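Q: This structure is in structure tokens; I'll ask about it shortly.
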Amino acid sequence: MKVCGFSFIRNAIKYDYPIVEALKSIIPLCDEVIVCVGQSEDKTLEIVQNIDPKITIIETVWDDSLREGGKVLADETNKAFQNIPKKYDWAVYIQGDEILHEDGITEIRQKMAYHLNDDNIDGLLLPYKHFYGSYDYLGDATKWYRHEIRVIKNNKAIYSYRDAQGFRKNNNEKLKVKRTEAYMHHYGWVKTPDKMQAKYESFNKLWHNDEWIEKNIINADAFDYSSIKSLSKFEGSHPKVMLNRIAQKNWEFSHDISKNSYSLKDKFKIFVERYTGKRPGEYRNYKLV
């Protein structure tokens, strides 16, 4: 069984993406990792070049005209996936602000081996922990997605869907997947407030036109983390590759969880989920098998 990782990145230093840690977290699973490195305003290319010999870099230029729905993110994902050679059986996908916890590596490897020749399985589904403000708090409202596909068969009928959150195949067909307990930690909302504000302003340009940006995005020097309405305290362990970055954290953020504020809709969904494990109205870009 041969496995290839794939990812994309641009301006990792400028917007403080943990791309080094992200790629290192999947390297133990992979024989090679294809990374599309977009033309950047910093030394992103240099840092990716120095991570690991398993990494193969493809230099790209982002199509910044794809400003509706984050299409450029899917475009870059597809570039990386389409460059995975036919010799590989599986592909492990990771984004620049995601880190695979090492506790899940064995399970992913076992499931890939078990379903290697099972044509009824297209990929594997991973659960998520979404961090916010600091490494101590998790987003717990129902807007945070609980699962996403991050391991797929090397089938070129599969493509990145919408804004690269998930995948589909052929003519908009959902992938058939097996669930895992291999957690992906999402740190996209954990940065210094100035870096977070810069990323927030830049990232919205991938979804909206200039007029929308001017009306809806406040120009500021620092992101206001305090506007969040509900969080929970994180009690688990972070991936080992993140420990040095976490130790270097140089800003403060705290949230009084006793003052969490949930909408009536969220209260209902959280209640049902607590007792059934299912979340009413949850968006599922996959078919569980």
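The values are calculated or read from the model by the stated rules, or taken from the named source; none is laboratory data. Given the structure is predicted, the values throughout are model-derived calculations rather than measurements. So basically every Cβ, Gly included, is an ideal-geometry build from the backbone, and we count neighbours across all protein chains shown.
Q: Residues in the stretch 115-132: is at least one among the hydroxyl-bearing types (Ser, Thr, Tyr), modelled with pLDDT of 95 or more and part of a strand (DSSP E or B)?
A: Looking for residues that are among the hydroxyl-bearing types (Ser, Thr, Tyr), modelled with pLDDT of 95 or more and part of a strand (DSSP E or B), one finds at least one in the stretch 115-132, hence yes.
Q: Among the residues of the stretch 269-289 satisfying the criterion of being hydrophobic (A, V, I, L, M, F, W, C) and out of contact with any Pro (no Cβ under 7 Å at 6 or more places or on another chain), which is nearest to residue 172 (Cα to Cα)?
A: Restricting to residues being hydrophobic (A, V, I, L, M, F, W, C) and out of contact with any Pro (no Cβ under 7 Å at 6 or more places or on another chain), the top hit is 288.
Q: Further, regarding this structure: When the stretch 220-247 is examined, which residues are found to be of a type in the set (Val, Ile, Thr) and over 14 Å from residue 130 (Cα atoms)?
A: Selection gives 241, 246.
Q: If you check residue 175 against the conditions, is it over 17 Å from the mean Cα position of the chain (by Cα) and buried (at least 18 other Cβ atoms within 10 Å of the Cβ)?
A: So residue 175 fits the description; yes.
Q: Follow-up. I'd like the full set of residues that are closer than 22 Å to residue 82 by Cα and polar (S, T, N, Q), limited to the stretch 45-60.
A: 49, 56, 60
Q: Any residue in the stretch 181-205 that's closer than 22 Å to residue 247 by Cα: show its pairings with residues that are assigned to a helix (DSSP H, G or I) and at pLDDT 90 or above at Cβ separation under 6 Å, as long as the two are six or more apart or on different chains.
A: Sorted first by the residue in the stretch 181-205, then by its partner, the pairs are 183/104.
Q: Only one of these is within 18 Å of the chain's Cα centre (by Cα) and over 30 Å from residue 112 (Cβ atoms): 231, 206. Name it.
A: Step by step, each of 231, 206 is checked, and only 206 is within 18 Å of the chain's Cα centre (by Cα) and over 30 Å from residue 112 (Cβ atoms).
Q: Next question, about the same structure. Output yes when any residue across the stretch 122-134 is more than 18 Å from the chain's Cα centre (by Cα) and more than 26 Å from residue 21 (Cβ to Cβ), and no when none is.
A: Yes - at least one qualifying residue is present in the stretch 122-134.
Q: Between a first residue in the stretch 11-33 that is touching a residue at least 12 places away in the same chain (Cβ under 8 Å) and under 19 Å from residue 112 (Cβ atoms) and a second residue that is crowded, with 20+ Cβ neighbours inside 10 Å and among the small types (Gly, Ala, Ser), which pairs have beta carbons less than 6 Å apart while being 6 or more apart in sequence or on different chains?
A: Within 6 Å, the pairs are 26/5; 30/5; 33/5.
Q: Any chance you could count how many residues in the stretch 180-221 are farther than 16 Å from residue 70 by Cα and modelled with pLDDT of 85 or more?
A: Total satisfying the criteria: 18.
Q: Another question about this same structure. Taking the condition more than 30 Å from residue 160 (Cα to Cα), touching a residue at least 12 places away in the same chain (Cβ under 8 Å) and in contact with a strand residue (DSSP E or B) (Cβ under 7 Å, 6 or more places away or on another chain), does residue 246 pass?
A: Judged against the criteria, residue 246 is not a match.
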